[in-house]
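Student: Dumping the structure here so I can ask a few things about it.
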Amino acid sequence: MPRIQQLDDRIVNKIAAGEVIERPASVVKELLENSVDALATRVDVEIEEGGSQRIRIVDNGEGIHPDDILLAVTAHATSKIRTAEDLFGVHTMGFRGEALASIAEVSRFIVRSRTAEAIAGTELIVNYGDAGSPQPAAGPPGTSFDITGLFANTPVRRKFLKRPATEFGHIAEQFTRVALAHPRLHMTLSHNGRDVFDLPPTDRLIDRLELFHGSELTEKLIWVENETGDCRVWGYVGHPSQTKSNRKGQYLFLNGRPITDRSLSHALTEAYRGLVMVGRQPIAYLFLEMPPELADVNVHPTKAEVRFQDSQQHYRLLLSTIRTTFLGLPLETALRVDPTVAAQPGAAPGPHQQRLSISPPQGGTPSSFNWATRPSTAPTTPSAPGGPGTPVPQPGEHVSTATTGPVVAHHEPGRPVTTGGGIRGIQVHDCYLLIETPDGVAVVDQHALHERVLYEHFKQRVLDGDVEQQKLLVPETVELSAREAATVTESCELLASLGFVIEAFGTNTVLVQAYPAMLRRPDFPELLRDLCETLERPGQQPDRRDILESLLQMMSCKAAVKAGHRLSSEEMASLLEQSHLIDDAHHCPHGRPTALVLSRTELDRQFGRLG
Ligand code: ADP
Ligand code: MG
C-alpha cells in the first residue's frame, strides 16, 4: 500500500461537495438557509433549466464584511460558531462552514455582498474552486449568489442529474420547506423566467399552506398544540380523510429546521391508527421547539437528521397531542346528500336523482368521493349495472329509477329485525345493515362492523390475559419455509398471548397445539403464512405492541363475517346489539368506515319537511 498523505484543500472541498451538494436543490437549500441566518426579510430565487444552467439567489440580509468574503468560500470558515461547546447550542441553520466552499468547488460561482454600513459592496468570483481577488461592486445591501455550470467539472455527478422538470421539483420542495418554516420571509421563485411562487410575508402558517395547497386542503386541517417541560409542539395535521400513499405530505421542523425522524414519523402513524386505511399516510405540518442543547444537529452532513437527547419524550408528546385533539373532534364519516346538487334549479325532486357522497361532517367540501366511482371504500349503489365506471347522474339529467334507484327500490329485502334492546335494522344485499339510530339512519358494512367488534373484544381478552383457547386433540403439523418456521418459533411467546401454542418441529415444520377459539376452524397453513407476513412486514417496528396490534387486526378480519353472507335473525340481532359501537368506533381496524350516517334533519331537509 502507498504511504499516507494529507489530502489538499481542493480535494477535501470536493469530497465535502459530494456530501453536501447532491443536486441543484441542495445549492438552493444551503443558500436559502444562509439568507435566513443573515436575517433577510426577502429572498428571490431564479432558476434556469432545473438549476443545471443557473441558480441565482438574492437576499436583503446583513451581508458579508468585505474583508470576510474570501473566508466565506473557505472550508470550515463560519461566522456562526466559535468553540466546540457552541456546537451544542446552535441557534442558526448553518454552522459547519462548508456549503459555500463546496458549491464554489463545483461551479462557476459569483457572490456579491454589501453590509448596511458599507458604502459599496464586494464581488468575488470563484471558478471551480479557483478564487479570484475580491473586487468592489455596486449594489443594494444584502447578498446575491450567481451559480452557473454546476457540476461541469464533475461529469459523473452532472450525468446523474435528472430532467430539468424533475430537478426543479426538488428545488421547489426545498423552497417549500424553508417557506413553511419562515412565513415572515417574503420569498419568490421563478423557473426559466416564469414566476412560480410569490409568497408575501405573513404571521400565519396557514396562509402559506393555503398558497401551496389551496383552501380545499387547508380548511380541513386540524390545529394541534401542546408542551411538556422545555418542549413545545404545534402545527397542523390532516383530517383522517386527507391521506397520501407516501410520507411526502409530512413536514417536520425542529427549531425552524426541516428534519426527518423515524421515531416521530412513527408517532404520527400511530396517532392515526384505525382512522386511516392501512398503507395510507396522514399529512402533517408540525413544529417542534426546544432548547438547542436537547438535540444534536451535527449527525448528518446536510443536517436532515438529528439526534434527540430524549426521543421517547418527543414520541409521547406528539402521539398524545394528536390523539387528545382527535378525541374532542367528530371524526365519523357522514353520509350526506350533496347540497350543491339539491340547490340546482331544475333538479328533479326525489332523492334518487342526487349524488350521495361521503365527507367529513363539518367544514368539509362536498363530495370528496361518491358511491358510484369508489366501490372499494364505499358501497356501490347496488343496482347500478355499470359497476365502478358508471357515471354519476348530473343534475337535471333524466335518470330512471331502474339504474340509480334508492337502495331498497327493487331488491328483495331481508327481514327486518328488532333486537331485545329495541334496535331496528335490516340487512340488504347480504352485505350492509340499515339501522335506525336516535338521530337518523346508519348504513353499516357488516364485515367492517363485525371486525371492529371482534377486535375490541379480542384485544380486551388479550390485555386481560384471558384468551379463549381451542386445544387440538391431535396437534397439526404445518409445513412452512425455513424462514417462516423460524419467524413463528421466535415469536412463540408473543403468539402465546394471543392463544396460540406452537412449537418448532424440524427446520421447516411447526406443530400447532392450540389456537384462539375466535378463529373457528382455521386453515392453518394459510393462517401461519399470514402471521409470518404480519410479523415480517417491512417497516414493522420491532415493537411488541405494534406487532400485537397488527396480529389482532389480521385475526379479527379473518374471523369476521364476510360480505355476501346472509345473516340469520340471531346473527343480525347480535350484531345490531353491538351497533352502539359505531358511535365510538367509526372505523374498522383497517380504517375503512364502518358506518355512514344520514341524519334525520338531513332526511327531513331533503324531502322538503323543513321550512
Ligand atoms: P455556514 O452557514 O455553515 O456558516 P456557509 O458556507 O454556508 O457556512 O457560509 C459561510 C459564511 O458565509 C457564513 O457563516 C456567513 O457568515 C457567510 N454568509 C453566507 N451566506 C450569507 C448571506 N446570504 N448573507 C450573509 N452572510 C452569508
Ligand atoms: Mg450555510
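The values are calculated or read from the model by the stated rules, or taken from the named source; none is laboratory data. These figures come from a predicted structure and were not determined experimentally. Note that we place each Cβ from the backbone using ideal geometry, even for glycine, and neighbour counts take in every protein chain shown.
Student: Within the stretch 43-72, how many residues turn out to be among the aliphatic types (A, V, I, L, M) and farther than 25 Å from ALA172 by Cα?
Tutor: 5
Student: Of (1) modelled with pLDDT under 95; (2) under 23 Å from HIS191 (Cβ atoms); (3) among the charged types (D, E, K, R); (4) within 14 Å of ligand 2 (Cβ to nearest atom), LYS29 satisfies all except one. Which?
Tutor: (1)
Student: Within the stretch 145-157, can you find the residues that are within 13 Å of ligand 1 (Cβ to nearest atom) and surrounded by 20 or more Cβ atoms within 10 Å (Cβ to Cβ)?
Tutor: Of everything in the stretch 145-157, those that are within 13 Å of ligand 1 (Cβ to nearest atom) and surrounded by 20 or more Cβ atoms within 10 Å (Cβ to Cβ) turn out to be PHE145, ILE147.
Student: With respect to the numbered conditions (1) at positive phi; (2) at pLDDT 80 or above; (3) surrounded by 13 or more Cβ atoms within 10 Å (Cβ to Cβ), which one is the sole condition not fulfilled by ASP530?
Tutor: It fails just one condition, (1).
Student: So, GLY89, is that one surrounded by fewer than 21 Cβ atoms within 10 Å (Cβ to Cβ) and either within 14 Å of ligand 2 (Cβ to nearest atom) or within 16 Å of ASN298 (Cα to Cα) (or both) or not?
Tutor: yes
Student: Still on this structure: For the stretch 66-77, indicate whether the set of residues that are among the hydrophobic types (A, V, I, L, M, F, W, C) and touching an Asp or Glu at 6+ places or on another chain (Cβ under 7 Å) is non-empty.
Tutor: Yes, because at least one residue in the stretch 66-77 is among the hydrophobic types (A, V, I, L, M, F, W, C) and touching an Asp or Glu at 6+ places or on another chain (Cβ under 7 Å).
Student: So, one more: Inside the stretch 422-460, can you point out the residues that are more than 20 Å from MET277 (Cα to Cα), among the polar types (S, T, N, Q) and part of a helix (DSSP H, G or I)?
Tutor: GLN460
Student: Considering every residue within the stretch 41-53, establish whether at least one is under 24 Å from VAL299 (Cα atoms), within 12 Å of ligand 1 (Cβ to nearest atom) and of a type in the set (Val, Ile, Thr).
Tutor: For the stretch 41-53, residues under 24 Å from VAL299 (Cα atoms), within 12 Å of ligand 1 (Cβ to nearest atom) and of a type in the set (Val, Ile, Thr): absent.
Student: Taking the conditions exactly as written (touching a Ser or Thr at 6+ places or on another chain (Cβ under 8 Å), more than 17 Å from ALA75 (Cα to Cα) and surrounded by 19 or more Cβ atoms within 10 Å (Cβ to Cβ)), does GLY142 satisfy them or not?
Tutor: For GLY142, the condition - touching a Ser or Thr at 6+ places or on another chain (Cβ under 8 Å), more than 17 Å from ALA75 (Cα to Cα) and surrounded by 19 or more Cβ atoms within 10 Å (Cβ to Cβ) - is met.
Student: I'd like to check something: does the stretch 71-79 contain any residue that is away from ligand 1 (no atom under 12 Å from the Cβ), in contact (Cβ under 8 Å) with a residue 12 or more places away in the chain and not small (Gly, Ala, Ser)?
Tutor: Within the stretch 71-79, not a single residue is away from ligand 1 (no atom under 12 Å from the Cβ), in contact (Cβ under 8 Å) with a residue 12 or more places away in the chain and not small (Gly, Ala, Ser).
Student: Next question. Which condition number in (1) farther than 19 Å from HIS182 by Cβ; (2) away from ligand 2 (no atom under 16 Å from the Cβ) is the one that ARG82 fails?
Tutor: Tallying (1) farther than 19 Å from HIS182 by Cβ; (2) away from ligand 2 (no atom under 16 Å from the Cβ), ARG82 fails exactly one: (2).
Student: Same structure again: Can you name every residue in the stretch 68-79 that is in contact with a strand residue (DSSP E or B) (Cβ under 7 Å, 6 or more places away or on another chain) and either in a strand (DSSP E or B) or away from ligand 2 (no atom under 13 Å from the Cβ) (or both)?
Tutor: Within the stretch 68-79, ILE69, LEU70 meet the criteria.
Student: Would you check which residues across the stretch 503-514 are hydrophobic (A, V, I, L, M, F, W, C) and assigned to a strand (DSSP E or B) and list them?
Tutor: Scanning the stretch 503-514 gives ALA504, VAL510, LEU511, VAL512, ALA514.
Student: Can you tell me which condition SER102 does not meet? The list is (1) of a type in the set (S, T, N, Q); (2) more than 11 Å from ligand 2 (Cβ to nearest atom); (3) buried (at least 20 other Cβ atoms within 10 Å of the Cβ), and all the others hold.
Tutor: (2)
Student: Report, by residue number, each residue of the stretch 464-502 that is in a strand (DSSP E or B), surrounded by fewer than 13 Cβ atoms within 10 Å (Cβ to Cβ) and among the aliphatic types (A, V, I, L, M).
Tutor: Within the stretch 464-502, LEU473, VAL474 meet the criteria.
Student: Provide a single number: the residues in the stretch 93-130 that are farther than 14 Å from ASN13 by Cα, part of a loop (DSSP other than H, G, I, E, B) and near ligand 1 (Cβ under 9 Å from one of its atoms).
Tutor: Residues that pass the stated criteria total 4.
Student: Do you know which residues across the stretch 21-33 are surrounded by 20 or more Cβ atoms within 10 Å (Cβ to Cβ) and closer than 19 Å to THR148 by Cβ?
Tutor: Within the stretch 21-33, ILE21, ARG23, PRO24, ALA25, SER26, VAL27, VAL28, LYS29, GLU30, LEU31, LEU32 meet the criteria.
Student: Restricting attention to the stretch 228-242, which residues are touching a strand residue (DSSP E or B) at 6+ places or on another chain (Cβ under 7 Å) and part of a strand (DSSP E or B)?
Tutor: Result: CYS231, ARG232, VAL233, TRP234, GLY235, TYR236, VAL237.
Student: For GLY169, work out the one condition from (1) more than 16 Å from ligand 2 (Cβ to nearest atom); (2) in a strand (DSSP E or B); (3) without any contact (Cβ under 8 Å) to a residue 60 or more places away in the chain it doesn't fulfil.
Tutor: The single condition GLY169 does not satisfy is (2).
Student: Moving on. When you go through GLY63, GLY51 one by one, which is the residue that is touching a helix residue (DSSP H, G or I) at 6+ places or on another chain (Cβ under 8 Å) and more than 11 Å from ligand 2 (Cβ to nearest atom)?
Tutor: GLY51
Student: So, one more: Identify the single condition in (1) out of contact with any helix residue (DSSP H, G or I) (no Cβ under 6 Å at 6 or more places or on another chain); (2) among the β-branched types (Val, Ile, Thr); (3) at pLDDT 85 or above that VAL276 does not satisfy, given that it satisfies every other one.
Tutor: With respect to (1) out of contact with any helix residue (DSSP H, G or I) (no Cβ under 6 Å at 6 or more places or on another chain); (2) among the β-branched types (Val, Ile, Thr); (3) at pLDDT 85 or above, VAL276 is out only on (3).
Student: Additional query: Restricted to the stretch 80-92, and to residues that are in a helix (DSSP H, G or I) and touching a residue at least 24 places away in the same chain (Cβ under 8 Å), which residue is nearest to ligand 1 (Cβ to nearest atom)?
Tutor: It comes out as LEU87.
Student: Within the stretch 126-139, is even one residue within 16 Å of ligand 2 (Cβ to nearest atom), more than 39 Å from the chain's Cα centre (by Cα) and under 17 Å from GLU30 (Cβ atoms)?
Tutor: Scanning the stretch 126-139, I find at least one residue that is within 16 Å of ligand 2 (Cβ to nearest atom), more than 39 Å from the chain's Cα centre (by Cα) and under 17 Å from GLU30 (Cβ atoms), so the answer is yes.
Student: Report whether or not GLY18 is more than 16 Å from ligand 2 (Cβ to nearest atom), crowded, with 19+ Cβ neighbours inside 10 Å and not in a strand (DSSP E or B).
Tutor: Criteria not met by GLY18.
Student: Applying the selection to the stretch 21-67, what residues are assigned to a helix (DSSP H, G or I) and among the acidic types (Asp, Glu)?
Tutor: GLU30, GLU33, ASP37, GLU49, ASP67
Student: Inside the stretch 533-584, can you point out the residues that are at pLDDT below 70, loosely packed, with under 13 Cβ neighbours inside 10 Å and in contact with a strand residue (DSSP E or B) (Cβ under 9 Å, 6 or more places away or on another chain)?
Tutor: none
Student: Any residue in the stretch 34-50 that is at pLDDT below 95, crowded, with 20+ Cβ neighbours inside 10 Å and closer than 28 Å to LEU294 by Cα?
Tutor: Within the stretch 34-50, not a single residue is at pLDDT below 95, crowded, with 20+ Cβ neighbours inside 10 Å and closer than 28 Å to LEU294 by Cα.
Student: Ok, one more. For the stretch 243-276, name all the residues that are part of a loop (DSSP other than H, G, I, E, B) and closer than 21 Å to ARG307 by Cβ.
Tutor: Residues satisfying the conditions are ASN255, GLY256, ILE259, THR260, ASP261.
Student: Select from the stretch 316-330 the residues that are touching a helix residue (DSSP H, G or I) at 6+ places or on another chain (Cβ under 9 Å) and within 18 Å of GLY229 (Cβ to Cβ) and write down the one among them that is surrounded by the most Cβ atoms within 10 Å (Cβ to Cβ).
Tutor: Here the residue is LEU318.
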